[in-house]
Amino acid sequence: MTCLCVQTEGGRAGAGGVGDRFPSALTVADVSKTCRSACADPLPSKGGVVFGSLSVSGLVLCALVSVAPAATAAEQLARGDYLVNHVAMCVQCHTPRDGKGELDRTRLLKGAPIPLRSPFPHQGWAFRAPAIAGLPGWADHDAVALLTTGRRLTGYTPKAPMPPFRLTRDDANAVIAFLRSLP
Ligand code: HEC
């Protein structure tokens, strides 16, 4: 919850730069109580409720003014970038390397051989990670299934060492949006 506290002089509800009005169903006492609890313990959050408050004759009032939208496209891309490159490490297996073993940044996520053998010889093992930049040929709902359940809509589970991811739906959508944004 975000708490915006705005002082006004005359005390007309709805001033205060947050651009909205008090819901008519709320009394001043209701609004004031809500505001105090919201302002006492403002939790940083992207979604949810935004409160605007203003002071009227020394009384702090607060109004429910809007529901913040879900993450913007730019925030979603930044989250996807973070997950792909720093958390789920897709980049490490799906990008080819140069002679020194460094990631070839000119071919990010363009598919790469897996140079290791399985430590479990009887388990399925893939020796190549496919290109995932742009997610060619993938429908979003199939990619969401893969990243949230570890298996595709057909039930197919990619071979190790592809991890069976259990991302949240929001994280899966962010990863997909980021991969789609790549050439
Ligand atoms: C430890 C190495 C590794 C990591 C980390 C990894 N992958 Fe993979 N991935 C593979 C391998 C190997 C395959 C090929 C599996 C096969 O052929 O069955 C694969 C296959 C895939 C496929 C194709 C699956 C199919 O059904 O054809 C997609 C899509 C994919 N990975 C996406 C990702 C994404 C997105 C991430 C990060 C969130 C990721 N991978 C992280 C190794 C990895």
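For region 147-171, filtering for residues that are of a type in the set (A, V, I, L, M), under 22 Å from ALA71 (Cβ atoms) and in contact with a Ser or Thr (Cβ under 9 Å, 6 or more places away or on another chain) leaves 1. Name the single residue that is nearest to the ligand (Cβ to nearest atom) among those in region 77-129 being exposed (fewer than 12 other Cβ atoms within 10 Å of the Cβ), among the small types (Gly, Ala, Ser) and more than 20 Å from THR157 (Cα to Cα). Among those residues, the one meeting the criterion is GLY101.
Taken together, the criteria exclude HIS141 from residues that are of a type outside the set (Lys, Arg), touching a strand residue (DSSP E or B) at 6+ places or on another chain (Cβ under 8 Å) and closer than 30 Å to THR72 by Cα. For region 130-143, the candidate set comprises residues that are touching a Leu at 6+ places or on another chain (Cβ under 9 Å) and not in a loop (DSSP other than H, G, I, E, B); within that set, the residue that is nearest to the ligand (Cβ to nearest atom) is ALA143.
Residues in region 146-169 that are within 20 Å of the chain's Cα centre (by Cα) and farther than 22 Å from ASP81 by Cβ: THR149, GLY150, PRO164.
Of all the residues in region 75-107, those that are of a type in the set (S, T, N, Q) and within 13 Å of MET162 (Cα to Cα) number 1. Of all residues in region 144-178, those that are of a type in the set (Val, Ile, Thr), in contact (Cβ under 8 Å) with a residue 24 or more places away in the chain and near the ligand (Cβ under 9 Å from one of its atoms) total 2.
Look at region 86-101: where a residue is farther than 16 Å from LEU182 by Cβ and a partner is surrounded by 14 or more Cβ atoms within 10 Å (Cβ to Cβ), sitting 6+ places away or on another chain with Cβ atoms under 8 Å, you get ARG97/LEU103; ARG97/ALA112.
All of the numbers you see were taken from the coordinates with simple rules; none came from a lab. Remember, it's a predicted structure, so these values are computed and weren't measured experimentally. In this analysis, Cβ positions are derived from the backbone assuming ideal geometry, glycine residues included, and neighbour counts consider all displayed protein chains.
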